[in-house]
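Q: Next up is a structure, given as structure tokens.
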Amino acid sequence: MKAAFINKQGPADEIVFDELPPPEPGSGEVLIRTGAVSVNPIDTYIRSGMVTVKLPFPYIVGSDIAGTVEAVGDKVEDLKPGDRVWASNQGLANRQGTFSEFACINAAWLHRTPETVSDEDAAATALVGITSHIGLVYRARLKAGETLFINGGSGGIGSMVIQIAKAIGARVIATAGSDERVDRCRTLGADLALNYKSDDIPKAVTQFSPAGVDVFWETSRAVDFENTISLLAKRGRCVVMAGRDAKPILPVGPFYVKDCELHGFAMFNYSAEEQRQCGDDLNRWMSEGSLKPNIDRVMPLNETAQAHQLQEDNTIHLAGTLAGKIVLKP
């Protein structure tokens, strides 16, 4: 089978697109014929060595996949050939990644793909959707009628956060770095969309929600807690999910006086069982049409190295040339 893999960690040009032996499903595993995969920042961190993990070489890159069941191993009872499924959380814990024509995945990580959802949309929703669900539902406990602020609402995570918050029934304030991306936030459902380069964010947020925001979701690698806490309401919750090396100053005084909470999390710390509810909710929202991924472009699988470089340029170097997910197809 054709696969995108590395023989050692390093820059994007270490990715090879070539033949590898097709996998065979073991006990509890399912063989998937790949329909689509998507790129995430974590994929580039693992490939480059920024994140230290033990990898089986040759290592197939990627964590997200959507496709069709080709075969099942023993002890798999609820899936059969022809079923459409999607998954995330691959390429970790000595598991191979997903950027190949076929992939073997433990059935525990698989979610059924709704009939009305394409493989491209399912793959693009996988990691960012589960991440957003964990942050909003499990950690921040966002409720209908509350106000959410998302700093960076036009990207892969931000676009999911906006839509899930609206599906829950919250009011949403979103920021982006250009007028075009601000318009995209409005299209996604933001009640108030602002340009963080030109708008007076504190003034606009205060006018929209005088008591402050209930949940502040920060996508930036550089967190400004002085600004964040000033915008939080009493008993407000702040969610951070980026910036592995960041060491921002936390103004403890106003933080505890407001009775605030700070939540940091990584989706890979959550078990397949814990993520089952995430997948069920995402499937329901996708089926209803209230959740759709923000796909920037679709590329062929043999351009995985270029896709990784594009993702890295935007995640690490803030190139501003990507606004959403990169999807690849065999």
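The values are calculated or read from the model by the stated rules, or taken from the named source; none is laboratory data. Since the model is a prediction, treat every value here as computed from it, not as a measurement. Quick reminder, even Gly has a Cβ in these numbers, built from the backbone with ideal geometry, and neighbours come from all protein chains shown. Keep in mind that these areas ignore ligands, DNA and RNA; they rest on the heavy atoms of the full protein, side chains included. Shrake-Rupley method; radii C 1.70, N 1.55, O 1.52, S 1.80 Å.
Residue-by-condition table, conditions (1) assigned to a loop (DSSP other than H, G, I, E, B); (2) open to solvent by 80 Å² or more (accessible area, probe 1.4 Å); (3) closer than 25 Å to residue 59 by Cβ; (4) out of contact with any strand residue (DSSP E or B) (no Cβ under 8 Å at 6 or more places or on another chain):
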site	(1), (2), (3), (4)
255	no, no, no, no
275	no, no, yes, yes
284	no, yes, no, yes
307	no, no, yes, no
312	no, no, yes, yes
320	yes, no, no, yes
323	yes, no, no, no
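Q: Give the residue that is nearest to residue 157 (Cα to Cα), with candidates limited to residues of the range 231-253 that are touching a Lys or Arg at 6+ places or on another chain (Cβ under 7 Å) and buried (at least 16 other Cβ atoms within 10 Å of the Cβ).
A: Result: 242.
Q: Please work out which residue is nearest to residue 166 (Cα to Cα), limiting yourself to the range 178-225 and to residues that are touching a helix residue (DSSP H, G or I) at 6+ places or on another chain (Cβ under 8 Å) and of a type in the set (D, E, K, R).
A: Within the range 178-225, the match that is nearest to residue 166 (Cα to Cα) is 191.
Q: Give me the pairs, please: first residue somewhere in the range 218-238 and part of a loop (DSSP other than H, G, I, E, B), second residue anywhere and open to solvent by 40 Å² or more (accessible area, probe 1.4 Å) and among the aliphatic types (A, V, I, L, M), beta-carbon distance under 7 Å, and either six or more positions apart or on two chains.
A: Between residues of the range 218-238 that are part of a loop (DSSP other than H, G, I, E, B) and residues that are open to solvent by 40 Å² or more (accessible area, probe 1.4 Å) and among the aliphatic types (A, V, I, L, M), the close pairs are 221/246; 222/246; 223/246.
Q: Can we say residue 167 is modelled with pLDDT of 95 or more, over 28 Å from residue 330 (Cα atoms) and buried (at least 19 other Cβ atoms within 10 Å of the Cβ)?
A: no
Q: Next up: Tell me, yes or no, whether the range 51-61 has at least one residue that is open to solvent by 10 Å² or more (accessible area, probe 1.4 Å), aromatic (Phe, Trp, Tyr) and farther than 26 Å from residue 294 by Cα.
A: yes
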